[in-house]
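J.: One structure is given below, represented as structure tokens, and several questions about it will come after.
What follows is calculated from the coordinates using simple rules that are stated; it is not laboratory data. Just so you know, these numbers come straight off a predicted model, no measurement behind them. Cβ sites come from the backbone with ideal geometry, for glycine too, and all protein chains shown count toward neighbours.
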Amino acid sequence: MDLYEYQGKELFRRFGIPTSEGRLATTPAEARAAAEELGGQVVVKAQVLTGGRGKAGGIKLADDPADAERKAQEILGLDIRGHVVRKLWIERASEIAKEYYLSVTFDRGAKQALFMLTTEGGVEIEEVAETNPDALARLHVDPLEGYQPYQARRLIYGAGIDDPGEQKQLLDIIGKLYRCFVESDALLCEINPLIVTPEGEVRALDSKFTVDDNALFKHPDVAEMRDLEAYPPEERAAREKGVTYVKLDGDVGILGNGAGLVMSTLDVIALVGGRPANFCDLGGGGDAEGVVEALEVILQDPQVKSIFFNIFGGITRCDEVARGILAALERMTIAQPIVVRLDGTNAEEGRKVLADAAPEGLYVEATMLDGARKAVELAK
Ligand code: GDP
Ligand code: MN
């Protein structure tokens, strides 16, 4: 789960990492009030779950409350790479002498946390890694040994930071960021830029924060930060029902059991010239309840013209899934044609169950390719 800048900064603050004071605003009037409270020059920042807001016009300095209101007006509703701005973070403006970059992420290959620090902050880190790799200092932290301050010193010297005042503050920030990363069960904590003010104060000016979804149960306060409005309505409904669903932009609704099978189903639909409307994984079960919930989610998408049900029986038996489909069809009316492909454990029995009931608009195919062809044809 990705956090907004203002949410990430809130977690930073809880762990003692210095940030600027700010307020959340959703209307130009609120932005004005926030600027009044903060006093002086402020920066109006679009809150969207994507980076590069500065370049896209989503970050603007404002000299006074009236100016903040105007800038808020300009930024609200802006589309930044498919993300519409609905929230603003109004922050006391900082004077910037230097822009550094600091992050800690989970290096899966090394099975350790990885810190990166460079004095070339402000720009995308991939760019620094490509054009000036030597400027990027890296440091792994062994999870058993834990973080040791001498490691941070090595990182700071590695990045070529020689000002003693900055070194001292960085040492403190790196230790706190490690605690923040571990204790929040984060996968990424990135500060870009980490600024040095003309007075020599080091502070986090931005935050990019990703928390491991699988650990959210340990952090109910963080789980609550999820902004359901940032997801398409179908994905919101899926989340509520516990269905694994991702919206795509085609017209063939897809339902399968197992993420790998569903991925290949998307490929096969594309192979026969169709466009999948979604990714949807039923998971292990194929009972009526699961089928109904998945179908309800898929059918929320008005673009869906046909549905391809691709099942490979393993532990889940095809005849059970077939009964699940029939029970689901009894409970709900579906206008779109449904193609079912059953293979694997008890496939014969499953196909027989469907053939005997023969509900209208239901087509049974024996192979994935034939099923995909039929579903694509029916979507035309
Ligand atoms: P991003 O573009 O999404 O990464 O957003 P950032 O929060 O990193 O801001 C982008 C850039 O805007 C920063 O690198 C700064 O140069 C500038 N900026 C952001 N906040 C301030 C501020 O308080 N004062 C000044 N002078 N510039 C700022
Ligand atoms: Mn940034």
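J.: Are there any pairs, at least 6 apart or on different chains, whose C-beta atoms fall under 6 Å, with the first in region 204-219 and among the polar types (S, T, N, Q) and the second within 16 Å of ligand 2 (Cβ to nearest atom) and part of a strand (DSSP E or B), and if so, which?
T.: 210/2; 210/188
J.: Step by step: first the residues of region 83-121, then only those that are in a loop (DSSP other than H, G, I, E, B) and within 16 Å of ligand 2 (Cβ to nearest atom), then the one that is surrounded by the fewest Cβ atoms within 10 Å (Cβ to Cβ). Which residue is that?
T.: Residues of region 83-121 in a loop (DSSP other than H, G, I, E, B): 85-87, 93-97, 108-111, 119-121.
Applying the additional criterion that residues be within 16 Å of ligand 2 (Cβ to nearest atom) yields 85, 93-94, 96, 119-121.
Numbers: 85: 22, 93: 16, 94: 17, 96: 14, 119: 18, 120: 18, 121: 21.
If we take residues in region 83-121 being in a loop (DSSP other than H, G, I, E, B) and within 16 Å of ligand 2 (Cβ to nearest atom), then 96 is surrounded by the fewest Cβ atoms within 10 Å (Cβ to Cβ).
J.: Looking at region 21-51, which of the residues that are polar (S, T, N, Q) and either crowded, with 16+ Cβ neighbours inside 10 Å or assigned to a helix (DSSP H, G or I) (or both) is nearest to ligand 2 (Cβ to nearest atom)?
T.: Of the residues in region 21-51, the ones polar (S, T, N, Q) are 26-27, 41, 47, 50.
This time we only want the ones that are either crowded, with 16+ Cβ neighbours inside 10 Å or assigned to a helix (DSSP H, G or I) (or both), so: 41, 47.
Numbers: 41: 19, 47: 13 Å.
In this case the residue turns out to be 47.
J.: Looking at region 317-339, can you tell me whether even one residue there is over 17 Å from residue 359 (Cα atoms) and either charged (D, E, K, R) or touching a Phe, Trp or Tyr at 6+ places or on another chain (Cβ under 6 Å) (or both)?
T.: Yes.
J.: Please verify whether residue 279 is touching a Ser or Thr at 6+ places or on another chain (Cβ under 8 Å) and crowded, with 16+ Cβ neighbours inside 10 Å, treating the condition exactly as stated. Break it down stepwise before answering.
T.: Details: touching a Ser or Thr at 6+ places or on another chain (Cβ under 8 Å): yes; crowded, with 16+ Cβ neighbours inside 10 Å: yes.
So residue 279 fits the description; yes.
J.: Going through 215, 294 one at a time, which residue ends up being touching a Cys at 6+ places or on another chain (Cβ under 8 Å), surrounded by 15 or more Cβ atoms within 10 Å (Cβ to Cβ) and assigned to a helix (DSSP H, G or I)? Give the steps one after another, and end with the answer.
T.: On the way: 215 fails: touching a Cys at 6+ places or on another chain (Cβ under 8 Å).
The unique qualifying residue is 294.
J.: I've got another one for you. Somewhere in region 66-89, is a residue more than 9 Å from ligand 1 (Cβ to nearest atom), more than 20 Å from the chain's Cα centre (by Cα) and under 28 Å from residue 129 (Cα atoms)?
T.: No, because not a single residue in region 66-89 is more than 9 Å from ligand 1 (Cβ to nearest atom), more than 20 Å from the chain's Cα centre (by Cα) and under 28 Å from residue 129 (Cα atoms).
Residues are listed down the side, and each one gets a yes or a no for (1) outside any loop (DSSP other than H, G, I, E, B); (2) more than 20 Å from residue 110 (Cβ to Cβ):
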{"site": "155", "(1), (2)": "yes, no"}
{"site": "162", "(1), (2)": "no, yes"}
{"site": "165", "(1), (2)": "yes, yes"}
{"site": "175", "(1), (2)": "yes, yes"}
{"site": "181", "(1), (2)": "yes, no"}
{"site": "188", "(1), (2)": "yes, no"}
{"site": "198", "(1), (2)": "no, yes"}
